[in-house]
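Step one of this worksheet: look at the structure below.
The values are calculated or read from the model by the stated rules, or taken from the named source; none is laboratory data. Please read all numbers here as calculations on a predicted model, not as lab measurements. Reconstructed Cβ throughout: ideal geometry from the backbone, glycine too, with neighbour counts over all protein chains shown.
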Amino acid sequence: MTERKQVVIVLKHGKSDNGKNATLAFSCGLSALALGHKVTIFLTSDGAVWGYQGSSSGIAVQGFAPLQEVVSEYIESGGEILLCSVCHKTCSSGGPDHSASQPLLNKVRIAGFTTMVELSLQGSCITF
C-alpha cells in the first residue's frame with residue numbers, strides 16, 4: 001500500500017447543478033478513504049450549503065447513490081468535513097450577525113482558509 005497522505009477536497013458548488021459536484025466530491029472522498037488516505041472536504045462559497053442537516057435530502061445524480069447516503073457513508077467511513085467559517089456566518093444565515101438557520105451535520109467543524117491550506121500542504125488538493 002502507498003503512504004497514507006492527506007487529501008483535501010474543496011467543494012464550492014451548491015444546489016445550482018442539482019448536487020452533481022457535491023456527489024462527485026463526496027464520492028471522490030470515499031474513493032480516497034478506500035485507498036487508506038486521510039480525507040477532508042472543505043465546504044466554501046455556495047458549497048457551504050452541504051454542511052447543514054437536510055441539505056442533501058432528495059438529491060440524486062444518475063449513476064450514483066442518493067447524495068444523503070453518500071454523505072452519510074463518507075462520515076461513517078471517517079471522512080472529515082470542514083465548513084468555511086466566513087461562509088457559515090454569511091451564506092447560511094443571510095448575514096454575519098445572524099445564527100445559521102439549520103443545524104450542522106454531525107461531525108462538521110467550522111474552520112478557516114488557513115486550516116485548509118495547512119492540510120493541503122500535507123498532501124493533495126482537489127476541487128469541485
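What the table below lists for this structure:
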{"read-out": "Residues that are among the hydroxyl-bearing types (Ser, Thr, Tyr), outside any helix (DSSP H, G or I) and within 18 Å of TRP50 (Cβ to Cβ), drawn from the range 99-128", "value": "SER101, THR127"}
{"read-out": "Filter pass, ALA32 being touching a His at 6+ places or on another chain (Cβ under 9 Å), among the hydrophobic types (A, V, I, L, M, F, W, C) and in contact (Cβ under 8 Å) with a residue 24 or more places away in the chain", "value": "no"}
{"read-out": "Candidate set from the range 78-98 (those that are part of a loop (DSSP other than H, G, I, E, B) and at pLDDT 95 or above); member that is surrounded by the fewest Cβ atoms within 10 Å (Cβ to Cβ)", "value": "GLY78"}
{"read-out": "Scope the range 1-27; condition in contact (Cβ under 8 Å) with a residue 60 or more places away in the chain, buried (at least 18 other Cβ atoms within 10 Å of the Cβ) and either at positive phi or under 11 Å from the mean Cα position of the chain (by Cα) (or both); matching residues", "value": "VAL8, ILE9, VAL10, LEU11, HIS13, ASN21, ALA22, LEU24, ALA25"}
{"read-out": "Residue in the range 66-77 that is closer than 12 Å to VAL108 by Cβ and modelled with pLDDT under 95 present", "value": "no"}
{"read-out": "Pair list, Cβ under 7 Å, 6 or more apart: the range 60-79 residue closer than 21 Å to ASP17 by Cβ, other residue surrounded by 13 or more Cβ atoms within 10 Å (Cβ to Cβ) and basic (Lys, Arg)", "value": "VAL61/LYS20"}
